[in-house]
Amino acid sequence: MVSQKLPFTVFQYTCHLEFLQDSYHFIHEKDGQFSYEKIAQLGAFKSRTEVRNLIKGLKTAEKSHLCKFAVVLNLEEQEKEYLIALSQLSQSVDYQSAFTFFEKLNKIRKQNTSENPFKEIEIATSVLHMTLLSVFDMKSAPSCPKKIAKLLKNRYNSSEIQNAIEELRALRFIKWSDSLLKWVGCQKHIKKYDFSSNIYLKNFHEKSMEVALDSLQNETTSERYLVGASFAINQKILPRVIQKMNSFLENLMQLENVLGHSDTVIQVNQQMIKMTINETGLGPSGLSEISNSNTL
């Protein structure tokens, strides 16, 4: 319906709202007549207010709404299906439904482009990639994949490490320093991903538990420290419990260079598992943000 051709495609996005907002702003800058009112007319929406609220995320977009936006923006059928699946992913309330929509997104994307907009979050929540970022923080960090593999107790082979280094470099998480002759981390802002049931965070914790299990079974106690407790509390203070756990981890990270340059990489994972039924429906929200440090 619009005459302006977008310089980007929906396949480059991980959020349907960002695509709608970028599309609106791009076309509006080229054509001042392209307003919320105009979109309402072209797409047979109820009103300009409905269009505004849908684009800004103040109203949840149903499939019918997105089909109307697809008409207004002249999207092809698979572009429309991808847009709808993005919205459905963001509204998923459990892992299985989120995974279903994520698989659909990947299938459509691979049929239309080699780009992967989810690659950054995949890297940012990978135990191997996060470990490498920490390794490169060490003053005497090796750059050779074989030496890194040995440093990491051969948990990963040199090929896996080489591929991970290339991915970190390509996404500008790291860069090569000629003066230091080593890889160094870049100051990179990592975007917030707020899926209701974040697939990548789930995978991260699964991999972390695999590392913990391997360490428990095969390494001496001097190489690990495991502690656990079970106690009863009033569930209303669960948010405070989570806050204290996060503060503890942040305090640990402040010790990075207290006694000189870092020379050891550790993996710290905190778990809080509710062992009883939640009668009131209250409870802590899941992890939803990736920070620009090497933590989840």
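Here are a few things to note about the model shown:
- Number of residues in region 170-187 that are touching a Cys at 6+ places or on another chain (Cβ under 8 Å) and closer than 22 Å to Val211 by Cβ: the value is 2.
- Listed by first and then second residue, the pairs with beta-carbon distance under 6 Å, at least 6 apart or on different chains, first residue in region 154-182 and in the same structural domain as Ser134 (by TED's automatic domain parsing), second surrounded by 16 or more Cβ atoms within 10 Å (Cβ to Cβ) and acidic (Asp, Glu), are Leu171/Glu120.
- Test: residue in region 176-195 that is of a type in the set (Val, Ile, Thr) and part of a helix (DSSP H, G or I): no
- Output for region 215-244, where each listed residue is aliphatic (A, V, I, L, M) and surrounded by 11 or more Cβ atoms within 10 Å (Cβ to Cβ): Leu216, Ile237, Leu238, Val241, Ile242
- Filter result for Asp31 (among the acidic types (Asp, Glu) and either under 30 Å from Asn203 (Cβ atoms) or surrounded by 19 or more Cβ atoms within 10 Å (Cβ to Cβ) (or both)): no
- Residue in region 145-169 that is farthest from Val211 (Cα to Cα), counting only those that are in contact with a helix residue (DSSP H, G or I) (Cβ under 8 Å, 6 or more places away or on another chain) and part of a loop (DSSP other than H, G, I, E, B): Asn157
- Candidate set: region 42-79, residues that are crowded, with 17+ Cβ neighbours inside 10 Å and of a type in the set (Asp, Glu); chosen: the one nearest to Asn106 (Cα to Cα): Glu79
- Sole residue being in contact with a Ser or Thr (Cβ under 7 Å, 6 or more places away or on another chain), part of a helix (DSSP H, G or I) and in the same structural domain as Met275 (by TED's automatic domain parsing), chosen from Leu213, Leu249: Leu249
- In the condition set (1) β-branched (Val, Ile, Thr); (2) under 22 Å from the mean Cα position of the chain (by Cα); (3) over 30 Å from Leu89 (Cα atoms), Ile165 is compliant with all but (3).
- Selection status of Ser3, among the small types (Gly, Ala, Ser) and either outside any helix (DSSP H, G or I) or not assigned by TED's automatic domain parsing to the domain that holds Ile108 (or both): yes
- Looking only at region 91-130, and only at residues there that are in a loop (DSSP other than H, G, I, E, B) and among the charged types (D, E, K, R), the one that is farthest from Arg155 (Cα to Cα): Asp94
- Counted residues, region 62-83 - those being acidic (Asp, Glu) and within 26 Å of the chain's Cα centre (by Cα): 3
- Any hit, region 55-67, residues being in the same structural domain as Asp22 (by TED's automatic domain parsing), under 29 Å from Met209 (Cβ atoms) and polar (S, T, N, Q): no
- Elements of type helices (runs of 4 or more DSSP H) contained in region 29-89, each with 3 or more residues being within 15 Å of Leu17 (Cβ to Cβ) and in contact with a helix residue (DSSP H, G or I) (Cβ under 7 Å, 6 or more places away or on another chain): 48-56, 63-72
The values are calculated or read from the model by the stated rules, or taken from the named source; none is laboratory data. Just so it is clear, the model here is predicted, and its values are computed rather than measured. Neighbour counts are summed over all protein chains in view; Cβ atoms, including those assigned to glycine, are modelled from backbone coordinates with ideal geometry.
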